Amino acid sequence: MTHRELLAFRDSLLKARADLIAAGDFEVRAELDTPVPSSRDQDEAPLVEMSQSIASARNRERGERLAKVDEVLQRISSEPETIGLCAECQEAIPARRLQLMPFATHCVPCQSTAEVNPHGPGRRKIMDYR
Ligand SMILES: [Zn+2]
């Protein structure tokens with residue numbers, strides 16, 4: 001990656017970061033604006049619990065992306081030579097993939113391999129049903 005490409009890439013990362021943070025603010029505001037049901041609390045409690053767990057799963061996913069973006073941003077200054085290279089096979093990640101997913105750390109073939117052999121037990125369960 002040339003210095004100019006690196007600067008453009010850094011811009012797209014900063015934009016992705018701002019989007020992630022903006023999405024977080026929106027969700028927090030939406031939660032605060034939602035009226036808390038005062039009566040019928042017994043009936044509605046399971047629904048509230050469900051939407052809260054969906055919201056926290058989204059927050060977790062966004063938090064993970066934000067952490068990846070921050071990690072790549074840090075690497076731009078600490079190890080710029082590794083930017084745009086797959087962490088697994090060291091091949092260049094296609095520019096188009098980086099445009100869509102600036103926080104991508106693996107090329108498509110390596111990412112697919114990682115998804116077939118998931119680290120977490122959750123995805124393995126989903127595969128079992130196929
Ligand atoms: Zn790779």
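Quick notes
- Top-ranked residue of the range 86-106 - restricted to ones that are part of a loop (DSSP other than H, G, I, E, B) and free of Cβ contacts under 8 Å to residues at least 12 places away in the same chain, ranked as least open to solvent (accessible area, probe 1.4 Å): Ala104
- Of the candidates Arg17, Arg4, the single residue that is exposed (fewer than 11 other Cβ atoms within 10 Å of the Cβ) and modelled with pLDDT of 90 or more is Arg4.
- Within the range 55-77, if we keep just the residues that are open to solvent by 80 Å² or more (accessible area, probe 1.4 Å) and closer than 20 Å to Ala8 by Cα, the residue that is farthest from the ligand (Cβ to nearest atom) turns out to be Ser77.
- Members of the range 78-98 that are in contact with a helix residue (DSSP H, G or I) (Cβ under 7 Å, 6 or more places away or on another chain) and more than 16 Å from the ligand (Cβ to nearest atom): Pro80
Here's the yes/no breakdown for (1) β-branched (Val, Ile, Thr); (2) touching a Pro at 6+ places or on another chain (Cβ under 7 Å); (3) modelled with pLDDT of 85 or more:
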| position | (1), (2), (3) |
| --- | --- |
| Ser39 | no, no, no |
| Ser77 | no, no, yes |
| Arg96 | no, no, yes |
| Ala104 | no, no, yes |
| Val108 | yes, no, yes |
| Gly122 | no, no, no |
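- So Ala57, is it farther than 30 Å from Ala95 by Cβ, under 18 Å from the mean Cα position of the chain (by Cα) and either modelled with pLDDT under 85 or among the small types (Gly, Ala, Ser) (or both): yes
The values are calculated or read from the model by the stated rules, or taken from the named source; none is laboratory data. All values derive from a computational prediction rather than experimental measurement. Note that we place each Cβ from the backbone using ideal geometry, even for glycine, and neighbour counts take in every protein chain shown. Ligands, DNA and RNA are stripped out before the accessible areas are found, and what is left, the full protein with its side chains, is counted by its heavy atoms. Shrake-Rupley method; radii C 1.70, N 1.55, O 1.52, S 1.80 Å.
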